[in-house]
1. Determine, yes or no, whether ALA93 is surrounded by 14 or more Cβ atoms within 10 Å (Cβ to Cβ), among the small types (Gly, Ala, Ser) and modelled with pLDDT of 95 or more.
2. Among the residues in segment 48-61, are any β-branched (Val, Ile, Thr) and part of a loop (DSSP other than H, G, I, E, B)?
3. Just the residues that are in contact with a Leu (Cβ under 6 Å, 6 or more places away or on another chain) and loosely packed, with under 12 Cβ neighbours inside 10 Å, please, taken from segment 1-45.
4. Of all residues in segment 46-63 being among the β-branched types (Val, Ile, Thr) and free of Cβ contacts under 8 Å to residues at least 24 places away in the same chain, which is surrounded by the fewest Cβ atoms within 10 Å (Cβ to Cβ)?
5. Kindly list the number of the only condition in (1) touching a Gly at 6+ places or on another chain (Cβ under 7 Å); (2) without any contact (Cβ under 8 Å) to a residue 40 or more places away in the chain that fails for ARG28.
6. Which one of these is at pLDDT 95 or above and not hydrophobic (A, V, I, L, M, F, W, C): ASN61, ASN4?
7. I need a count of the residues in segment 1-39 that are under 18 Å from ILE50 (Cβ atoms) and basic (Lys, Arg).
8. Among the numbered criteria (1) aliphatic (A, V, I, L, M); (2) at pLDDT below 95; (3) surrounded by fewer than 14 Cβ atoms within 10 Å (Cβ to Cβ); (4) within 13 Å of VAL39 (Cα to Cα), which single criterion is violated by ALA85?
Amino acid sequence: MALNIQFITHPGPGVIGILMTRMSTSGRKTVEMIDFSAVGLVQGRLVDMIYASDIAEKTANVQVFDLKGTCPQHLTMIGIFGEIAAVKAALDAISAEEGL
């Protein structure tokens, strides 16, 4: 997996707004109902994003959403929402698998 991973703690209202515009309606409704203090962003090929989502959800108490957008390289991005420690644990687990 060749992934681009970013970790945002205490995202500001502008960042949350950008993320919300890239989510499905059901994703936005869910994010509005959950309490989160961090967001992990992971970008890569679709198959890797599905695998990374599975790793994240099995590793920590996080919510994973597809973030839609236009990417000429056919890359996909997911957002991992949760408490700081949970998102960090999910991203660490994804990073550990990246070498496979």
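1. Working: surrounded by 14 or more Cβ atoms within 10 Å (Cβ to Cβ): yes; among the small types (Gly, Ala, Ser): yes; modelled with pLDDT of 95 or more: yes.
When the stated conditions are applied, ALA93 passes them.
2. Looking only at segment 48-61, we keep the residues that are β-branched (Val, Ile, Thr), and these are 50, 55, 59.
Now restrict to residues that are part of a loop (DSSP other than H, G, I, E, B): none.
No, the conditions are met nowhere in segment 48-61.
3. GLN6
4. The initial filter retains those residues of segment 46-63 that are among the β-branched types (Val, Ile, Thr), namely 47, 50, 55, 59, 62.
Cutting the leftovers down to free of Cβ contacts under 8 Å to residues at least 24 places away in the same chain gives us 47, 50.
Details: VAL47: 10, ILE50: 14.
Here the residue is VAL47.
5. (1)
6. Values: ASN4 fails: at pLDDT 95 or above.
So the residue among ASN61, ASN4 that is at pLDDT 95 or above and not hydrophobic (A, V, I, L, M, F, W, C) is ASN61.
7. Qualifying residue count, segment 1-39: 1.
8. Every listed condition holds for ALA85 apart from (2).
The values are calculated or read from the model by the stated rules, or taken from the named source; none is laboratory data. What you are looking at is a predicted structure, and each value in this text was computed from that prediction instead of being measured. A quick note on method: Cβ atoms are made from the backbone with ideal geometry, for glycine too, and the neighbour counts reach across all protein chains shown.
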